[in-house]
Amino acid sequence: AEIIDSIYGFSSEQFKFHNADKLYECGFRGKGINIGVIDAGVTNYDVIPAFENVNLLGYENLVPEGDLFSTSDHGTKVLSTMAVNLPGMMIGSAPEASYYLLRSEDVTSEFPVEEDYWVRAIEYADSVGLDLINTSLGYNEFDDKYLNYSHEELNGETSFMSRAADMAYEKGMLIVVSAGNEGNKTWKKSTPPGDAKNVVTVGAVGTDSLIATFSSHGILADGRIKPDMVSVGKATVTIGRDGTIGNTNGTSLSSPFLAGLIASLWSVNPTLHRSELIEIVMRSSDRYDSPDAVYGYGIPDFQKALTEVLKTIEIEQSVE
């Protein structure tokens, strides 16, 4: 293996992949952006040394049973891709952002009530004034198969969670979600809330730029394509319940890594409207001119995006 001697450590390839090292080296690391992570739990977050320097705003458990810090390390891994700051070992995509940890998923069963918990979580996020939400949860199959979604319902208007996600966007939050890991299963397509109209739905590629076989893809019921963009979700560098650095596969990891980069980009000019910010990120992506139903607009280039965001600051200053 190559000797990793950069500040990024094991995350080096992930940063280079998005040209995001430029963002980090210019000092744009998410400062001033408040991020909510809505997930299944952050097992051992409270005892893992790697999380000691995270700017934690607070946490809230919206599920009646179970404890945020012991039910699942899915959220631990998700958070690590964004928030960890271990120079020479692992750098998250927004290490200077501030974080709120919210639990809405009950891993012991799968029922639509979890969409209700998620809506409670997003309402809570709104009440504490969060800017950006990452959620690596999606629902299409439930323990009672009569409650399952059909492809016809992937229109952004059926799932309670998808409707709430769009409402949250209207209220001022930027919502980034995982596309789902259904690409090699019969469902294939994104899972709600990944069908919502104003969320950024993220698929998974490796650092070789090739789509992960599991990454959800396809045309939705109303003709839109999802995912919107892709990020590293194959062998993503993560920290799980044991506190050590490892690798995890899933759109659950590509979503927060990209969400963090978007937050870091937003910290360049926090007055930028969320729709303009996402438009800039999409325009920087490698398939912007010919999006498809597998990669969406493709892989964002954060050096390009940074150049665009810096221009918005110059415009603001010249107006004054």
### Query
Rounded if a/c is under 1.5, else prolate if a/b is larger than b/c, else oblate: which is the chain, with a ≥ b ≥ c the root eigenvalues of its Cα gyration tensor?
rounded
#### Entry: Which listed pairs, of K197/K311; K145/K185; K16/K188, have C-alpha distances above 24 Å, in listed order
K197/K311; K16/K188
### Query
Is the shape of the stretch 164-251 best called rounded, prolate or oblate, per the rule: a/c under 1.5 gives rounded, else a/b larger than b/c gives prolate, else oblate, with a ≥ b ≥ c the square roots of the Cα gyration tensor eigenvalues?
oblate
### Task
Kindly give Rg over Rh for the stretch 61-220, based on alpha-carbon atoms, with the Kirkwood expression for the hydrodynamic radius.
0.96
### Query
Ignoring ligands and nucleic acids, what accessible area does E13 show with a 1.4 Å probe (Å², nearest 10)?
90
### Message
So if each residue of separation counts as 0.36 nm, and I subtract the Cα-Cα distance between D67 and T213, what length gain in nm does that give?
### Response
49.2 nm
## Note on the structure
Whole-Å distance linking the alpha carbon centroid of the stretch 212-277 with that of the stretch 72-129 is 13
### Task
Using the Cα centre as the reference, give the magnitude of the dipole from point charges on the C-beta atoms of the stretch 33-183 (Lys, Arg: +1; Asp, Glu: -1; all else neutral), rounded to the nearest 20 debye.
520
### Task
Using Cα pairs closer than 8 Å and at least 6 residues apart in sequence, work out the relative contact order for the stretch 161-250, in percent.
25
### Query
Dividing the alpha-carbon Rg of the stretch 46-90 by 2.2 N^0.38 Å yields what?
1.27
### Query
How high is the relative contact order of the stretch 83-210, in percent, counting Cα pairs under 8 Å that sit 6 or more residues apart?
21
### Task
Starting from the Cα of D289, step 7 Å toward the Cβ, then list every residue of the stretch 219-255 with an amide N under 20 Å from that point.
229-230
#### Entry: Beta bridges by DSSP in the stretch 39-150, antiparallel share as percent, to the nearest 5
20
### Residues T158 and E279, FRET efficiency given R0 of 25 Å [Cβ-Cβ distance, rounded to 0.05]
0.40
### Query
What order, most packed first, do the peptides 303-313, 186-196, 256-266, 71-81 have when packing is the mean number of other Cβ atoms within 10 Å of each residue?
256-266, 71-81, 186-196, 303-313
### Task
Using per-residue counts of other Cβ atoms within 10 Å, averaged over each peptide, order 34-43, 166-175, 205-214 from highest down.
34-43, 166-175, 205-214
### Message
Less than 13 Å apart at the alpha-carbon level, and either on another chain or at least 8 residues along: which aspartates and glutamates does that give for K77?
### Response
D39, D242
### Query
Between K188 and K145, 0.36 nm times their residue separation minus their Cα-Cα distance comes to what?
13.7 nm
### Message
What percent of all Cα-Cα pairs in the stretch 17-128 falls into each 5 Å bin, going from 0 up to the bin containing the maximum distance?
### Response
2, 12, 21, 22, 18, 12, 8, 4, 1
### Query
So for the chain: antiparallel DSSP bridges make up what percent, rounded to the nearest 5?
30
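The values are calculated or read from the model by the stated rules, or taken from the named source; none is laboratory data. Owing to the predicted nature of the structure, the values given are computational and were not obtained by experimental measurement. Using ideal geometry, Cβ is built from the backbone for each residue, glycine included, and neighbour counts are taken over all protein chains shown. Each accessible area value is taken on the protein alone, full model and side chains, heavy atoms only, with ligands, DNA and RNA left out. Shrake-Rupley method; radii C 1.70, N 1.55, O 1.52, S 1.80 Å.
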